[in-house]
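The next block holds one structure in the form of structure tokens; read it before the comments.
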Amino acid sequence: MIRVALIDDQPLFRGGIAMILDSQPDVEVVAQESSALNLSSTVRASAPDVILMDVRMPGIDGITATRQLVADLGDEAPKILVLTTFDVDEAAARAIEAGASGFVLKDAQPEFLLASVRAVADGSQVVAASATRRLFERHGTRTARPGPEYDALTVREREILVRAASGLSNAEIAQAEFLSEATVKTHISRILAKLSLRDRVQLVVYAYEHGLV
């Protein structure tokens, strides 16, 4: 069962999303809040796997709340999907930088929302690599070269890093590298660990910021 917390200041929207999620046999809404002011307490009390959180809220915005939650809980923090109105939004880019796993448009189809929640809960990427690159081409910065953490990657891991950052799925990487999907998944996990990244969204950001793609 995937446990989801909803943080949005619009009651009707929040209630509608809750109905969609609760209609699924493998998803359960465990918390609903109109504000992120007490997000850490909500998370500790309800233990969600995924948080769906609006970017723009009064009191404390979703970006600040995401940054604080990741700082408080580190690797134990739930996966966070920010809800935004625009597909290329500076706020969405900043949320990813703060530690969110991606973003979902508020007008997305229910099937896409459900698929996104399941994908994030499974540790997969939700935001398309092209969309993430587009965000950081507008709002991100590049550094001259990667730091010493990049030197810890093997040659094969560097190749897979570039392919993943370019938007290839595990199956496509496996075909290109003549590997099994299980092996690719293992490589991705090791790359994330060595670079201290939470997920594939941050992997794309890392690759773009350091001029690898």
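The values are calculated or read from the model by the stated rules, or taken from the named source; none is laboratory data. Worth saying up front: this structure is predicted, and the values here are computed from it rather than measured. Methodologically, a virtual Cβ is constructed for each residue, glycine included, from the backbone with ideal geometry; neighbour enumeration extends over all protein chains shown.
Output the residue which, of all residues in segment 189-213 that are buried (at least 17 other Cβ atoms within 10 Å of the Cβ) and of a type in the set (Ser, Thr, Tyr), is nearest to Glu97 (Cα to Cα).
Tyr206
Being of a type in the set (Gly, Ala, Ser), farther than 21 Å from Gly211 by Cα and either outside the structural domain of Asp75 (by TED's automatic domain parsing) or not in a helix (DSSP H, G or I) (or both) is the requirement here; does Ala164 meet it?
Judged against the criteria, Ala164 is not a match.
Within segment 123-144, can one find any residue that is modelled with pLDDT of 80 or more and assigned by TED's automatic domain parsing to the domain that holds Val30?
no
Which residue is surrounded by the fewest Cβ atoms within 10 Å (Cβ to Cβ), if the candidates are limited to segment 1-25 and must be of a type in the set (Val, Ile, Thr) and in contact (Cβ under 8 Å) with a residue 60 or more places away in the chain?
Looking at the filtered set, the residue picked out is Ile20.
What number of residues within segment 43-63 are without any contact (Cβ under 8 Å) to a residue 60 or more places away in the chain and either surrounded by fewer than 17 Cβ atoms within 10 Å (Cβ to Cβ) or in a loop (DSSP other than H, G, I, E, B) (or both)?
Of the residues in that region, 11 qualify.
Taking Pro25 as meeting all but one of (1) closer than 23 Å to Leu197 by Cβ; (2) in a loop (DSSP other than H, G, I, E, B); (3) not basic (Lys, Arg), write down the number of the exception.
(1)
Return yes or no: is Asp72 surrounded by fewer than 16 Cβ atoms within 10 Å (Cβ to Cβ) and in contact (Cβ under 8 Å) with a residue 60 or more places away in the chain?
Spelling it out, it is not the case that Asp72 is surrounded by fewer than 16 Cβ atoms within 10 Å (Cβ to Cβ) and in contact (Cβ under 8 Å) with a residue 60 or more places away in the chain.
Hey, could you check segment 167-187 for residues that are in contact with a helix residue (DSSP H, G or I) (Cβ under 6 Å, 6 or more places away or on another chain) and within 22 Å of Phe103 (Cα to Cα) and say which is modelled with the highest pLDDT?
Taking the candidates together, the pick is Asn170.
Just give me the residues in segment 1-34 being among the hydrophobic types (A, V, I, L, M, F, W, C) and more than 21 Å from the chain's Cα centre (by Cα), in sequence order.
Hits for segment 1-34 are Leu12, Phe13, Met19.
Is it fair to say Glu28 is farther than 18 Å from Phe103 by Cα and surrounded by 20 or more Cβ atoms within 10 Å (Cβ to Cβ)?
Criteria not met by Glu28.
Kindly indicate whether Ser40 is in contact with an Asp or Glu (Cβ under 7 Å, 6 or more places away or on another chain) and either more than 22 Å from Ala108 (Cα to Cα) or surrounded by fewer than 16 Cβ atoms within 10 Å (Cβ to Cβ) (or both).
So Ser40 passes the test.
I'd like to verify a number: residues in segment 178-213 that are farther than 14 Å from Arg163 by Cβ and not in a helix (DSSP H, G or I), how many?
Summing the residues that are farther than 14 Å from Arg163 by Cβ and not in a helix (DSSP H, G or I) in segment 178-213 gives 7.
Hey, does segment 26-40 have a residue that's among the polar types (S, T, N, Q), out of contact with any Cys (no Cβ under 9 Å at 6 or more places or on another chain), farther than 24 Å from Gly74 by Cα and modelled with pLDDT of 95 or more?
no
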